[in-house]
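Worksheet: one structure, shown below.
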Amino acid sequence: MKRTHHCNELRPAHAGANVILDGWVHSRRDLGGLIFIDLRDREGRTQTVFDPSELPPALFDQASHLRSESVVRVSGTVRIRPEGTRNDKIATGEVEVLVRSLEVLNTAEVLPFSIDDPEVANKVNEELRLQYRYLDLRRPEMARNLRTRSKVAIATRRYLDEQGFLEVETPTLFKSTPEGAREFLVPNRRDPGTFYALPQSPQQFKQILMVSGVERYFQLARCYRDEDLRADRQPEFTQVDIEMSFIEREDIYALVEGLLKRVWKAAMDLDIPAPFKRISFHEAINRWGIDKPDTRFGMELVDFTETFRASAFKVFAGAVASGGVVKAINAKGMAGATQGQIETMTDHAKSLGAKGLAYIKVEGGEWKSPIVKFFTQAEKDALVSGLAIEEGDLVLFAADPWLNACEILGKIRLYCADVLRSQGRLSFDPRRFDFLWVVDFPLLSFDKEMNRWYSSHHPFTAPVAEDIPLLKQDPRQVRGQHYDIVVNGVELGGGSIRIHQPDVQRTIFEDILQIPPDETRLRFGYMLEAFKYGAPPHGGIALGFDRLCAMLCGTSSIRDVIAFPKTAKGTCLMTDSPSPASARQLRDLHLEVKTAPPKA
RNA sequence: GGGGGUGUAGCUCAACUGGUUAGAGCGCUGCCCUGUCACGGCAGAGGUUACGGGUUCGAGCCCCGCCACUCCCGCCA
């Protein structure tokens, strides 16, 4: 006999029904003359009661020895719990199942960590959770994350299907493309010394699909990058990859806004307002010091370049004289910052090339600062009105070239927010999401060390049409048709309108990026070839699916929304991979390992 | 590649300035308990203080090395 209900289904209306439930023993409360066992399955929990007056002694004894997480099937009668014993913490708390029979489908050994108490389980060492991932995934929090991820994937597919997109799979055995992230290589048995590479993204295939006439393509694409990991970076991850033909930037904005509205509704039942705010790259840097600003809090950067142009404080005046800027932020209420915190902020500044970090602590009605003695009253007045300085504030300065100064304060701004959050003095509504498009990125950046230009995004990004004449005259001024979608300071995705005219593409490759024609042919030849035969104007975007899910699940680590993630060193603790290959495998692949393999 | 943090019982943690037999809660085992839901009560078992060296009369604690996990920088077109 199979189960008749799941464990989150029974209600008072079922009273009197004979039911069969399957599940795991979530917890046992043995009162001696009466045993309660909470049975758990994917859907929820139901209390079952073992009453010796209703059961053979052997069965009752068996129940008293049931261990947590053993798998059982019980049959019995649903009844409404006696008055005063209802449990309003669980959905089935008004009823219980009076057990008539018990079948132990599988016993569980004593667990390496307890999974029934969320407060305990949340603190368990992640190492252990990853080693016993199947137990970790049984926890309601993790099961909920898996479910949310599934809902988001399905909502994405439904929405894009409605919008006329085709889901097309692209190869994971791809060609090595030396630009960009380090790749995982796959040796080719059939031709010694040749290799596939796992794709960093399906970028080139999706553009080829536009040439193929697909017009609207999407894929929940697995991508691989052999770079060092972070809480929000795994060596393999998933992108919602999208590409469309005959469109402009506005079409992508509208499409993605519709998609995210659908996804937020499906996962959180939250209606997010669209269209999203749009901010230029320049404004993002200028106001928040970062290209993915968290706009949930203020502390914006304020410019004081003119105030200090002729200042007696030579550090500021000198920076302005050499073409730089003077900017400041007011870290509200942080005058009490410790020496260590100031030092950390100074280190941030120094890591970006600053010589130090000027600051003013506003404490006890006076400005405590090594530099304030150089300031005139007019300069002080400008600071007070520009930064709304009050008692208890901490003002931090950067005097450097514009981009540098902004990035320094941008880092410090985020650090200050972290400090305030950890002190409980800054908090965010978990259902608040500040979406914004960051647009008008520079198409090209200059690498001083290599003395050459490189693509800010990738070499297929189209310049803004009106900027094309500037390509050869003043590359720095050329804006790319690139866009990033940012939520609460997290870069959720980015994309661009692509170049579809071969001559513009050639200009970028050969004149700007200075890639020799034969190398271009070697690396992108098949693409340039394809583009000769009628490439439609097209563009697209890729969203980080794991980050998206993490955000919807309220966690900052994408490991919490990936069923079987890797550790920070790229290993899987459950399967103990990667692991050495056998001599025979290596021989077949024409490979020789030079350093000693790790001990097996 | 670099910097920070962590590692003590199955789990979460404690252990003063280096000083007696390394403790607690939960879990586990046994006994008691008929309305619990973090059930309660009594008793008990359980430790190579990640690992390897060193300093010391004496090391969980100090020093060197090493491993694992984690956060960050670099890196991630």
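Just so you know, all these numbers are worked out from the coordinates, no wet-lab data involved. Fair warning: this is a prediction, and the values are worked out from it, not measured in the lab. In this analysis, Cβ positions are derived from the backbone assuming ideal geometry, glycine residues included, and neighbour counts consider all displayed protein chains.
The table that follows gives values for the structure above.
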| item | result |
| --- | --- |
| Between 0 and 90°, nearest 10: helix A:377-387 axis offset from chain A longest Cα axis | 40 degrees |
| Relative contact order (percent, whole number), segment A:146-259, Cα cutoff 8 Å, 6+ residue spacing | 24 percent |
| Rg and Dmax of segment A:180-254, Cα atoms only, in Å | 15.5, 48 |
| Segment A:366-453: GluC sites (Glu not before Pro) in DSSP coil with no more than 15 other Cβ atoms inside 10 Å | A:E390, A:E391, A:E449 |
| Descending principal axes extents, chain A, alpha-carbon based, whole Å | 93, 74, 54 |
| Other-chain or far-sequence residues with amide H under 5 Å of A:V326's (modelled H) | A:F304, A:T305 |
| Approximate spin-label separation A:E363-A:S53, in nm, with each point projected 7 Å along Cα-to-Cβ | 7.2 nm |
| Relative contact order computed over segment A:12-106 (Cα-Cα under 8 Å; 6+ residues apart), in percent | 34 percent |
| Ordering of A:92-105, A:579-592, A:50-63 by burial proxy (mean other Cβ atoms within 10 Å per residue, highest first) | A:92-105, A:50-63, A:579-592 |
| Cα Rg, Dmax (largest Cα-Cα span) when computed across segment A:518-600, Å | 21.3, 55 |
| Relative contact order, percent, chain A [alpha-carbon distance under 8 Å, six or more residues apart] | 13 percent |
| FRET efficiency, A:S579 to A:L98 (Cβ-Cβ, R0 60 Å, nearest 0.05) | 0.75 |
| Listed residue (A:H500, A:T555, A:F433) projecting farthest to the positive dipole end of chain A, Cβ model | A:T555 |
| Farthest toward positive dipole pole in segment A:197-258 [+1 Lys/Arg, -1 Asp/Glu at C-beta], among A:V256, A:A231, A:P199 | A:P199 |
| Cα centre as origin, Lys/Arg/Asp/Glu Cβ charges: chain A dipole, Debye | 780 debye |
| Whole-Hz ³J(HN,Hα) from phi, Karplus 6.51 cos²θ - 1.76 cosθ + 1.60, for segment A:438-447, glycine and proline x | 9, 10, 6, 5, x, 5, 10, 10, 9, 9 |
| Full-stretch length increase - A:E592, A:D271 - with 0.36 nm per residue and alpha-carbon distance subtracted | 109.9 nm |
| Additional length obtainable on full extension of the chain from A:A17 to A:A378, 0.36 nm per residue less Cα span | 121.6 nm |
| Which of A:V211, A:I272, A:G544, positive extreme of dipole for chain A (C-beta unit charges) | A:G544 |
